[in-house]
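Written below as structure tokens is the structure these notes are about.
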């Protein structure tokens, strides 16, 4: 019995060494490429990606005009809960190594969801103006900070703005509550200013985007929206992307590649985005 | 769903390959369909779920104005009797007809629906193939 076990263990050991040897061989073949060859391969791949990005979208087998694509996506989403029927736009970005990620924000003519806003200020006049112009969820000064700190008011807002004089109190008392949720007003984020009104106006209906890997994905609407509204949102997205490309701080600018419109349960359909 | 071939199959299933559901519903008489069944398959509710996945996308594709509402009720403990039915709605949400889907297969449900719906088959030249 012990011999059989011994034999078994030896066999397993040989197999293991065999796998290790194979792995070492593959590593050796990878490292055989010299630096020049690796660089050439990188350049070749970049040229291929650029050529693919320059090709017209209509060449792709999954290309469709937007109206036809929306008809298919609505059919694919039939019977699904309306909260899940989101339309997504995914754009490939062709960028060279070292180029910073593309980012910015889109201001949608038809926002996807109502954003709840909180405004912190000790200036009564400002609070009054903001309350008159916008539908704010929470408005207040030091007393509001106290209430949120004690847990009397839940943190259920999506964006927060503040005037500079209240920022130290906010940071010292609510940084641990608002910070992890990403709603703490800071100068760096651009959510603190002496005059809040233009800030709120800018950010209402705007959606931030950022390149993740080699693509940007953003929700542009719901299946219940009319074709025109979705089209307006797509055009706004296109303009925002182009603006982000212009403002990109790099010598070599990125390129927009294949763009796909898809829904939560539906297929991805290539559209003309250039 | 990354493969182009798979996506083309998915699109063609909606617009070309599901023959029974390729109909134009008379929109002057019928304005919508309302389906009610269980989240779970027991008590003969599986056919309804399959009918939803197999035939409703094609029906919606060729009738974009047809309002299709679907309500699925959760019945984990099997303590409630959930109806399994389709209601055909007319003008002003008036119920024109009701079809029982319990213990029926998806194709049988589609056959029953075709019998009760005022419709015409989509002509061959108007079918969309991707």
Seminar exercise, completed: Contact order relative to length for region A:117-203, counting C-alpha pairs under 8 Å separated by 6 or more residues, stands in percent at 32
Problem set entry | Between 0 and 90°, nearest 10: helix A:227-246 axis offset from chain A longest Cα axis | 80
Exercise. When Cβ neighbours within 10 Å are restricted to other protein chains, what is their mean count per residue of peptide A:256-266?
Worked result: 1
Seminar exercise, completed: DSSP beta bridges in chain B: the antiparallel percent, rounded to 5, is 65
Seminar exercise, completed: Taking alpha-carbon centroids only, region B:81-122 lies from region A:82-160 a number of Å equal to 45
Exercise. Once you average over the residues of B:5-18, how many Cβ atoms of partner chains fall within 10 Å of each Cβ?
Worked result: 3
Problem set entry | Relative contact order [Cα under 8 Å, 6+ residues apart], chain A, whole percent | 34
Seminar exercise, completed: Applying the gyration tensor rule to the Cα atoms of region A:110-201 (axes a ≥ b ≥ c; rounded if a/c under 1.5, else prolate if a/b exceeds b/c, else oblate), the class is rounded
Problem set entry | For region B:3-126: relative contact order, % (alpha-carbon pairs under 8 angstrom, 6 or more apart) | 36
Exercise. Just for the protein assembly as shown, what percent of DSSP beta bridges are antiparallel, to the closest 5?
Worked result: 70
Problem set entry | Estimated inter-spin distance, residue A:105 and residue A:201, nm [label 7 Å along Cα→Cβ] | 1.5
For this session: Taking chain A as the reference, fit the longest principal axis to its C-alpha atoms, fit the long axis of helix A:167-178 to the helix C-alpha atoms, and give the angle between the two in degrees, 0 to 90, nearest 10.
Result: 50
For this session: Determine one quarter of the surface area of the Cα convex hull of the protein assembly as shown, which equals its mean projected area, and express it in nm² to one decimal.
Result: 34.0
Exercise. Label point 7 Å out from residue B:97 along Cα-to-Cβ: which residues of region B:13-43 have amide N under 12 Å?
Worked result: B:26, B:30
For this session: Enter the angle in degrees (range 0 to 90, nearest 10) between the Cα long axis of helix A:124-133 and the first principal axis of the Cα atoms of chain A, meaning the one along which they spread out most.
Result: 70
Seminar exercise, completed: Helix-only [θ] at 222 nm, chain A, -39500 (n - 2.57) per DSSP H run of 4+, per residue, nearest 500, equals -14000 deg cm²/dmol
Problem set entry | Highest-first arrangement of A:35-44, A:195-204, where packing means the average Cβ count within 10 Å | A:195-204, A:35-44
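A short reminder: the numbers here are calculations on the coordinates, not readings from a lab. Bear in mind the structure is a predicted one, so any value in this text is a computation, not a measurement. Counting neighbours? That spans all protein chains shown, and the Cβs are built from the backbone with ideal geometry, glycine included.
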